[in-house]
Amino acid sequence: MLKIKILQAVLAGLTFLLGLLSNLVLRLQKQSQKPQKQQKLLQIKSELDSSSSSSTEMMVVDDDDMYGLSWRLAMETNNNVRPWKTIPLRCYKHVENYMIGGQYEHDMNLIVDEIMFYASQITLSTSTTTTTHQDAWVLDVDDTCISNIPYYKAKRFGCDPFDSAMFKAWINQGMCPANPVVLRLFKTLIEKGFKVFLVTGRYEGTLAKITTDNLHNQGFIGYQRLILRWIVTATYVTFS
């Protein structure tokens, strides 16, 4: 009988110890899981903050792009904007993307294709006399035949004020690249028999040679005449 009581006491003691060990293990597991849960919560919060920040930045970019589109529309429709000397800084990315992102070239190709279709419908005079052979075509030079995009890129496409001295220095390098779309039009007009005249606001006294050489080097060969600007000086007559 005594042995049975001792055995029961030992079993009760073992059961109590097992209970203590189980509680201890559960506590340790909970404590080890807390940092993991906290870390997971922090990670989720960080991801949410990052997503919110990206969305905000995207909204700002999209808002600037929409502003650029609106400002451009207002300017192109009879210049319905307040007087301006520089393009608003918010329009910079919009203009940059338009000029060098492919849309400008795409627009030019579409326009030139329409021009070439129109030119193809014209029946030129077969006479070679100057009085009857008057089928002429006029093209502008700057930013039509040849491009000044490298200069405007350095000036943030108009967000910085126009610098006439810097622009003249750029011109004097004679490195204005051809606008390939207009060069294609130019060669087509020459082949068809049009007399092509080139006009520019550049001054003849200082920029005639560099402009002629630049055009020639870029493939504009065979035009009738390059018309430049003259410097007009006032003449005063004194009567005595």
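The values are calculated or read from the model by the stated rules, or taken from the named source; none is laboratory data. Computed from a prediction, not measured in an experiment: that's the story for all the values here. Cβ coordinates were reconstructed from backbone atoms using ideal geometry, including for glycine residues, and neighbour counts include every protein chain displayed. To get the accessible areas, we keep the full protein, side chains included, count just its heavy atoms, and leave off ligands, DNA and RNA. Shrake-Rupley method; radii C 1.70, N 1.55, O 1.52, S 1.80 Å.
When you count, for each residue, the other Cβ atoms within 10 Å and take the mean per peptide, how do 165-174, 81-90 rank with the highest first?
165-174, 81-90
Give me the 1.4 Å probe accessible area per residue for segment 63-170, excluding ligands and nucleic acids, in Å².
Per-residue accessible area for segment 63-170 comes out at 66 Å².
Can you give the extra length, in nm with one decimal, that the chain gains between residue 172 and residue 121 once fully stretched, where that is 0.36 nm per residue apart less the Cα-Cα distance?
Result: 14.5 nm gained on full extension.
Taking all protein chains in place and a 1.4 Å probe, what share, in percent, of the accessible surface of segment 62-154 do carbon and sulfur account for?
With neighbouring chains kept in place, the figure for segment 62-154 is 57 percent.
Consider just the alpha-carbon atoms of segment 191-234 and return their Rg together with their Dmax, both in angstrom.
12.0, 43
Enumerate the amide H contacts of residue 196 below 5 Å, restricted to partners 5 or more residues apart or on another chain; note that Pro and chain-start residues carry no placed amide H.
For residue 196, whose amide H was placed from the backbone, the distant partners under 5 Å are 137, 224.
In the neighborhood of residue 103, defined by Cβ-to-Cβ distances under 12 Å, what is the net charge if each Lys or Arg adds +1 and each Asp or Glu adds -1?
Net charge in that neighbourhood comes out at -2.
Considering only protein heavy atoms and a probe of 1.4 Å, how much of the accessible area of segment 159-233 is carbon and sulfur, as a whole percent?
58
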